[in-house]
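Data first, discussion second: the structure below is written as structure tokens.
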Amino acid sequence: IYEENFETFDFGYYSDVVNEEKYGAKKSPRKNIEQIKKISEKFANNILSKEQKNLLFVGNTGLGKTFLSNCIAKKVLQNGNSVIYQTSPILMDKIMKLSFSFEDKDKLQYEKIFDVDLLIIDDLGTETMTNNKYTELFKIINTRLTKNKKILISTNLTLNQLFERYDERVMSRLIGEFNICKFVGDDIRLKKKRIVKYKKK
């Protein structure tokens, strides 16, 4: 995470080619990510503002969602604010355990999820959901929105897949209260592997 910051973000992995059929966007992946980076920097510097919307990163794996999430987390911490960064499966399992605990330390941990300045939920859609987890997920999102506590959510699912997976209460919050950033392009991890192989030859 220390190497992943806004200054080290490399646009060179994103194509300048406009190909709506391939990428599902009317702009090039590079132009698209340049706009998302600007949105992310503004978000990181304004998480205490009521006017600042939350962020929802959607797109396939290997397009920079986690890297930019780390950039945001680092900037928010540098600005003196608090962050909880967790993958959705671990967060949901943890919150279920904490919510049923009578230990004071567990209650404090549970409350932190609602009160931390920025909550980052990575890989939404990879968790095993139950009715209780659906309830807790809605509670997290709704309570934080009420308290003006910012949330960044990233997912490999499309919006249609999110609608199929989550109920209307959750989706109405995601659509209405989040700035949706769609990541497009070619898998950066695969590109990096090709570059390494090329250098070894």
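Would you point out the residue of region 129-149, among those that are among the basic types (Lys, Arg) and open to solvent by less than 40 Å² (accessible area, probe 1.4 Å), that is farthest from Ile90 (Cα to Cα)? Lay out the reasoning, then the answer.
Residues of region 129-149 that are among the basic types (Lys, Arg), as a first pass: 133, 139, 144, 147, 149.
Of the ones still in play, those that are also open to solvent by less than 40 Å² (accessible area, probe 1.4 Å) are 133, 144.
Numbers: Lys133: 12, Arg144: 19 Å.
By that ranking, first place goes to Arg144.
Within region 1-18, how many residues turn out to be farther than 25 Å from Gln86 by Cα and loosely packed, with under 13 Cβ neighbours inside 10 Å? I'd like the intermediate steps shown before the answer.
Restricting attention to region 1-18, the residues satisfying the condition of being farther than 25 Å from Gln86 by Cα are 11-18.
Then drop every residue that is not loosely packed, with under 13 Cβ neighbours inside 10 Å, which leaves 12, 16-17.
Qualifying residue count, region 1-18: 3.
In region 12-29, how many are free of Cβ contacts under 8 Å to residues at least 24 places away in the same chain and outside any loop (DSSP other than H, G, I, E, B)?
The qualifying residues number 4.
Residue under question is Asn81, and the condition is that it be on the phi > 0 side of the Ramachandran plot and open to solvent by less than 50 Å² (accessible area, probe 1.4 Å); does it hold? Break it down into steps so the answer makes sense when it comes.
On the way: on the phi > 0 side of the Ramachandran plot: no; open to solvent by less than 50 Å² (accessible area, probe 1.4 Å): yes.
Against the criterion (on the phi > 0 side of the Ramachandran plot and open to solvent by less than 50 Å² (accessible area, probe 1.4 Å)), Asn81 does not qualify.
For Ser28, indicate whether it is farther than 29 Å from Gln86 by Cα and surrounded by 15 or more Cβ atoms within 10 Å (Cβ to Cβ).
Criteria met by Ser28.
Any idea how many residues of region 66-78 are open to solvent by 60 Å² or more (accessible area, probe 1.4 Å) and hydroxyl-bearing (Ser, Thr, Tyr)?
Residues in region 66-78 being open to solvent by 60 Å² or more (accessible area, probe 1.4 Å) and hydroxyl-bearing (Ser, Thr, Tyr): 0 in total.
Of everything in region 34-51 that's in contact with a strand residue (DSSP E or B) (Cβ under 7 Å, 6 or more places away or on another chain) and either over 14 Å from Leu118 (Cα atoms) or part of a loop (DSSP other than H, G, I, E, B) (or both), which residue is most open to solvent (accessible area, probe 1.4 Å)?
Ile39
Restricted to region 87-128, and to residues that are assigned to a loop (DSSP other than H, G, I, E, B) and in contact with a strand residue (DSSP E or B) (Cβ under 9 Å, 6 or more places away or on another chain), which residue is surrounded by the fewest Cβ atoms within 10 Å (Cβ to Cβ)?
Thr126
I want to confirm something. Restricting to region 131-161 and keeping residues that are among the β-branched types (Val, Ile, Thr) and in contact (Cβ under 8 Å) with a residue 12 or more places away in the chain, which single residue is farthest from Asp117 (Cα to Cα)? Steps first, answer last, please.
First pass over region 131-161, keeping only residues among the β-branched types (Val, Ile, Thr): 135, 140-141, 143, 146, 151, 153, 155, 158.
The next check asks that each one be in contact (Cβ under 8 Å) with a residue 12 or more places away in the chain; those that pass are 140-141, 143, 151, 153, 155, 158.
Working: Ile140: 13, Ile141: 13, Thr143: 13, Ile151: 9, Ile153: 14, Thr155: 21, Thr158: 27 Å.
The residue in question is Thr158.
Would you say Ile95 is more than 13 Å from the chain's Cα centre (by Cα), among the aliphatic types (A, V, I, L, M), under 23 Å from Leu124 (Cα atoms) and modelled with pLDDT under 95?
When the stated conditions are applied, Ile95 passes them.
Have a look at Arg189, Arg169 and point out the one that is under 21 Å from Ile72 (Cβ atoms) and assigned to a helix (DSSP H, G or I).
Details: Arg169 fails: under 21 Å from Ile72 (Cβ atoms).
Residue meeting the stated conditions: Arg189.
Which condition number does Thr61 fail, the rest of (1) of a type in the set (Ser, Thr, Tyr); (2) in contact with a helix residue (DSSP H, G or I) (Cβ under 6 Å, 6 or more places away or on another chain); (3) open to solvent by 10 Å² or more (accessible area, probe 1.4 Å); (4) closer than 18 Å to Ile180 by Cα being met?
Among (1) of a type in the set (Ser, Thr, Tyr); (2) in contact with a helix residue (DSSP H, G or I) (Cβ under 6 Å, 6 or more places away or on another chain); (3) open to solvent by 10 Å² or more (accessible area, probe 1.4 Å); (4) closer than 18 Å to Ile180 by Cα, Thr61 violates only (2).
All but one of (1) farther than 14 Å from Val170 by Cα; (2) touching a helix residue (DSSP H, G or I) at 6+ places or on another chain (Cβ under 6 Å) hold for Ile141, so report the exception by its number.
(1)
The values are calculated or read from the model by the stated rules, or taken from the named source; none is laboratory data. Keep in mind the model is a prediction, meaning the values are calculated, not measured. Don't worry about glycine lacking a Cβ; one is built from the backbone with ideal geometry, like all the others, and counts go over all protein chains shown. All accessible areas refer to the heavy atoms of the entire protein, side chains included, with ligands and DNA or RNA removed. Shrake-Rupley method; radii C 1.70, N 1.55, O 1.52, S 1.80 Å.
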